[in-house]
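The values are calculated or read from the model by the stated rules, or taken from the named source; none is laboratory data. Treat the numbers as computed from the prediction; the structure is a model and nothing was measured. Note that we place each Cβ from the backbone using ideal geometry, even for glycine, and neighbour counts take in every protein chain shown.
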Amino acid sequence: MNDPESPSNNNTAGEAAAQSSASSATGSAEVDLALEIARLEAALRESTDRNLRTQAELENFRKRSRRELDEEKRYAALPLVRDILHVLDNLQRAIEASEKTTGGSGLLEGVKMVALQLTTFLEQHQCRPIHAAGAAFDPHWHEAIGQIPCQDVPAGHVAQVTRAGYTLHDRVVRPAQVLVSIGAPVAASGDAN
């Protein structure tokens, strides 16, 4: 019958082995190709993610730079305003001294007009005085130079402003120098006989 050693059976066995080997090589190539595709897809996803992160970082940098530049422009006049405030202080002192003496009313009116003009100029450029009298003491806005007893002002509030403070937009140019109330003076107890 069928002899395993017969030439026709050998051919069939060889062909089957060759087909099995070819099939195995094709399967291996397909597996390798699928692995390579998966690796390339992962690399593409990683590159896309990296690119998106880089673009986001660049946009954040642009926004931050724009914001910093806007802030620099907004507060560029700060040193000038600080220097002008000394002039305004001297004008205010001249007005106060002139009001205490008699006979210089023309000079006093001229100095008052210059002070008003300077104050108006500063306010046009968003430099405004800090209204401190009677306000609760705040070290961000006020510089305490002393404490005094005061009947009319509660403790911890500004009793007297000795030098006006100013802001430029929302930034303190210089704090107001103030005397802070410690409350009503304590009455000395008399001898009770």
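Of note:
- Subset tally (residues that are assigned to a helix (DSSP H, G or I) and in contact with a helix residue (DSSP H, G or I) (Cβ under 9 Å, 6 or more places away or on another chain)) for the range 73-108: 14
- Filtered residue count, the range 109-129, keeping only those that are β-branched (Val, Ile, Thr) and in contact (Cβ under 8 Å) with a residue 24 or more places away in the chain: 1
- Test: residue in the range 98-115 that is at pLDDT below 90, more than 17 Å from Ile182 (Cβ to Cβ) and within 35 Å of the chain's Cα centre (by Cα): yes
- Failed criterion for Ala97 (all others in (1) loosely packed, with under 14 Cβ neighbours inside 10 Å; (2) in contact with a strand residue (DSSP E or B) (Cβ under 9 Å, 6 or more places away or on another chain) hold): (2)
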